[in-house]
Amino acid sequence: MSPHSDATIAPTPAPTSAPTHAPIDLRSDTVTRPTAAMREAMLRAPVGDDVFADDPSVNALQQRLAAMLGFEAGLFMPTGTQSNLCALMSHCQRGDEYIVGQMAHTYRWEGGGAAVLGSIQPQPLAHQVDGTLALADIAAAIKPDDAHFARSRLLALENTLGGRVMPLPYLEAATDLARSRGLACHLDGARLFNAAVATAEQDGGDAVGAARRIAGLFDSVSVCFSKGLGAPVGSMLCGSKALITSAHRWRKMAGGGMRQSGMLAAAADFALDHHIERLAEDHAHARLLAEGLAGLAGVRVTAPETNIVFVELAPELALRDGLGIVERLRGQGLLCTGLYQLRFVTHLDVSRAQVLQAVQILRQTLQ
């Protein structure tokens, strides 16, 4: 099991000798729970039947995020996997191909949906050290117009990728290359606003403006509300009116039509109001966690760019007395994923004090 994706994380069983306090859950930012204020907003939401396009809260959210990111239309989806699938199937037809990274969520952790359900061939490429795909590799992967080959139709990128921010100049160059060769471009922006907060911190400006600049390089973008933004459910696909019309049909086929989903849309709308800028706190907490593990023998920590920290362990630290490190940490009240490489994800349900406590647990357990 890879620690990079939320999709592969099995439920963690209750510890056999659980600590008296609630565990510190750093498995993923998907474990966040709605705040009291978000729950109140959900209760107050006006609702209707969204399959009939009658839910005012859903309609308003779709219009809001599309306008925020500079697109013509948006479509509210139950999950990011479904949002990406509907995007790929709207851009590509049977026998078409999309170019994607080996570690991208759309290729590696979405059940092969594009191939299984859409008859779309993935062309996976190796990542560079920084997570990007080399421009030369993208160019070489684009097939000529020849009956022997699948038709190259789409470049699919991800931002953030394993917590790493894809630089704007790279995104500009990659999407320019794709379009010059006749390809459309899709962004899996499950953590787009984490990337935007980090980009704004580095380049100046505000996070919403940075998100719009990033998204504006693509023909479509999928944004998740149920990770760092803290909503309980939901993602949004944004694109042209024509693409969203196509995606709406695919969403119906995939069973994604929801009825009185305005309560879920209200949670996402609340998150856009209150939980974007605060992602900087999660990034700071990730840096605090990484810094707290510096200097431990047999431990190598990758400096986080956003809210995900990877920690590589020597074999003797990962397995000890027949117990894996994840199980040993769980017994001490700290939840994470991985084995020889651990993944920790900070989020709005984890305070600075809990991060410091997590550091203490880790240092004691690893030493």
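What follows draws every value from the coordinates through simple rules; no lab data is involved. Keep in mind the model is a prediction, meaning the values are calculated, not measured. Here Cβ is always computed from backbone atoms with ideal geometry, including for glycine, and neighbour counts include all displayed protein chains.
Taking Gln332, Gln357, Gln128 in turn, the Gaussian network model of the chain (Cα-Cα springs below 10 Å) assigns the largest fluctuation to Gln128. The region of the chain that goes longest without hitting one of the chymotrypsin sites (Phe, Trp or Tyr not before Pro) in a DSSP loop, each with at most 15 other Cβ atoms within 10 Å, is 150-339.
Taking the chain as a Gaussian network of alpha-carbon nodes connected by springs under 10 Å, the highest mean-square fluctuation of the residues Pro34, Pro315, Pro167 belongs to Pro315. Using only side-chain charges placed at the Cβ, +1 for Lys and Arg and -1 for Asp and Glu, the dipole size of the range 36-274 relative to its Cα centre rounds to 400 debye. Which Cα, out of Phe193, His274, Gly324, lies furthest along the positive dipole direction of the chain (beta carbon charges, K/R +1, D/E -1)? Final value for the positive-end residue is Gly324. Provide the percentage of antiparallel DSSP beta bridges, counting only those with both residues in the chain; round to the nearest 5. Within the chain, antiparallel bridges account for around 55 percent of the total. Across Val350, Val223, Val129, mean-square fluctuation computed from a Gaussian network of the chain (C-alpha pairs under 10 Å connected) peaks at Val129. Taking amide hydrogens as placed 1.01 Å from N in the peptide plane, the amide H of Cys185 sits under 5 Å from those of Leu155, Asp219, Ser220, each at least 5 positions away in sequence or on another chain. Three semi-axes describe the equivalent ellipsoid of the range 151-234; taken as square roots of 5 times the Cα gyration tensor eigenvalues and ordered largest first, they are 22, 16, 10 Å.
The loop-placed trypsin sites (Lys or Arg not before Pro) in the range 286-341, going by DSSP, include none that has at most 13 neighbouring Cβ atoms within 10 Å of its Cβ.
Listed values for the range 79-91 are Karplus-derived 3J(HN,Hα) couplings in whole Hz (6.51 cos²θ - 1.76 cosθ + 1.60, θ = phi - 60°), namely 9, x, 4, 5, 4, 5, 4, 5, 5, 4, 6, 7, 7, and x replaces Gly and Pro.
Below 8 Å between Cα atoms, with a sequence gap of 6+, how large is the relative contact order for the range 175-314 in percent?
Relative contact order for the range 175-314 comes out at 20 percent.
How tilted is helix 262-274 with respect to the longest principal axis of the chain? Cα atoms for both, answer in degrees (0 to 90, nearest 10). That works out to roughly 70 degrees.
If you wrap the Cα atoms of the range 36-274 in a convex hull and average its projected area over all directions, you get 12.4 nm².
The value for the range 94-138 of Rg(Cα) / (2.2 N^0.38 Å) is 1.18.
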